[in-house]
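Written out below as structure tokens is the structure these notes cover.
Here, each number is a calculation from the coordinates, and none is a lab measurement. Keep in mind that this is a model prediction, so the values were computed, not measured. Cβ placement follows ideal geometry from the backbone for every residue including glycine, while neighbour counts extend to all protein chains displayed.
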Amino acid sequence: MGSATSSMAAKFAFFPPDPPSYSIYVDVSTGKTRMSDVIHQREDVDVLKLSTKRGNEIVAMYVKNPSASMTVLYSHGNAADLGQMYHIFTELSLHLGANLMGYDYSGYGQSSGKASEQDTYADVEAAYKCLEETYGAKEEDIILYGQSVGSGPTLDLAVRLPRLRAVILHSPILSGLRVMYPVKRTFWFDIYKNIDKIPLVNCPVLVIHGTEDEVVDFSHGKQLWELCKEKYEPLWLKGGNHCNLELYPEYLKHLRKFITAVEKLPRLQLESGEISEQSENSSSATEQKSRESTDYREKSRPSIGQREKSRLSTDNREKSRTSTDKREKSRRSMDRSGKARNSTDQSERARNSFDRLGDMVRSVGLCNVDCLKQTALEA
């Protein structure tokens, strides 16, 4: 029964481009894996083949950004593959100042196998594992991005990563069944039960949705945001539909604002419960030391002369510290000036390429769960 239900769900949910928009080959001169049918391929993009725990081999691409401290793991929507997303991903990496990894689900593009809910979970795990093992990315420096159907594997992984930096949900779904029918409860045969998983995510979550989405109703994004534990200011794009949110200037502006905000968060080293316990222990130890110190001071108060010497000594140390602080500020100022000069070209490239992202989205004409409702009616 489970396998029959999974097959039924797969028919409703997955529409890989047929034929795929690209193929894979090895560049003899460099030995690097490349995508064919992609114009203006870039040297800062790695094309990889990754093995999943369900026995499939999926294709992924990694865009390096030399100024990045964060890495985005992007799960794309339906009816798209990496050939179509290649230039969109490279532009996003530039605009957001982040490394970016995208991957094709099993059965999409040149990835082997056939798409299913469980396979997409294995696919995103393989991509995440590659980020850790091949590129040295840390869990606390990774942002998961899920677009439409991609919100399913994104949230499934997010609930299992307690130190994750952040999550971005772009036109997300409450669940597969809820896209087709306005059901009020979760059924066992439903897929991508995001509505049940979102309250378990501990990191900041940004939700982006168009108010006129004709495929995944705006209420999906709104309800997911309301259920978030760590809400970030959502982006409701007035008049936006399912396929054109990248064309709005607010889209990139809000994304960049979010990433800048989460970059400033302290790196979470332990789960919240452990941190709380550690904090309490630390507080108790501090109080104990304070009591001991107070008792000691009570027993041996220094003479007036000693206190005067102590004040003079303190003044000298304060002057020395002030001098050191001035030198440190001067050095930091010089460093910032150098960094600003180095980043000027990067910023200029971002400004010059802003319009290209919109052109790419228009040319690709992405639409993500396009046929779901019609398929359900026919079924």
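Looking across the range 180-224, the residues that are closer than 19 Å to Gly150 by Cβ and in a loop (DSSP other than H, G, I, E, B) come down to Asp190, Ile191, Tyr192, Lys193, Val201, Cys203, Pro204, Asp213, Glu214, Val215, Val216, Asp217.
Taking the numbered list (1) touching a residue at least 24 places away in the same chain (Cβ under 8 Å); (2) in contact with a helix residue (DSSP H, G or I) (Cβ under 9 Å, 6 or more places away or on another chain); (3) surrounded by fewer than 22 Cβ atoms within 10 Å (Cβ to Cβ); (4) not β-branched (Val, Ile, Thr) in turn, Asp123 passes all entries but (3).
When you look at Val167, is it hydrophobic (A, V, I, L, M, F, W, C) and assigned to a helix (DSSP H, G or I), yes or no? Judged against the criteria, Val167 is not a match. Scanning the range 50-100 for residues that are of a type in the set (D, E, K, R) and farther than 22 Å from Gly152 by Cα gives Lys64, Glu91. Against the list (1) more than 16 Å from the chain's Cα centre (by Cα); (2) at negative phi, the condition Leu252 fails is (1). Pairs linking a residue in the range 81-105 that is without any contact (Cβ under 8 Å) to a residue 24 or more places away in the chain and on the phi > 0 side of the Ramachandran plot to a residue that is surrounded by 24 or more Cβ atoms within 10 Å (Cβ to Cβ) and part of a helix (DSSP H, G or I), with Cβ atoms under 9 Å and 6 or more positions apart or on different chains, do not occur.
When each of Leu155, Leu177 is tested for being of a type outside the set (Val, Ile, Thr), free of Cβ contacts under 8 Å to residues at least 24 places away in the same chain, out of contact with any Leu (no Cβ under 7 Å at 6 or more places or on another chain) and outside any strand (DSSP E or B), the lone residue that passes is Leu177. Scan the range 225-264 residue by residue and report those that are acidic (Asp, Glu), assigned to a helix (DSSP H, G or I) and surrounded by fewer than 20 Cβ atoms within 10 Å (Cβ to Cβ). Glu226, Glu250, Glu263 - these are the residues of the range 225-264 that are acidic (Asp, Glu), assigned to a helix (DSSP H, G or I) and surrounded by fewer than 20 Cβ atoms within 10 Å (Cβ to Cβ). For the condition of a type outside the set (Val, Ile, Thr) and more than 22 Å from Tyr22 (Cβ to Cβ), Pro153 does not qualify.
Among the residues of the range 43-61, is there at least one that is touching a Gly at 6+ places or on another chain (Cβ under 9 Å), closer than 27 Å to Asn241 by Cβ and of a type in the set (A, V, I, L, M, F, W, C)? Yes, some residue in the range 43-61 is touching a Gly at 6+ places or on another chain (Cβ under 9 Å), closer than 27 Å to Asn241 by Cβ and of a type in the set (A, V, I, L, M, F, W, C).
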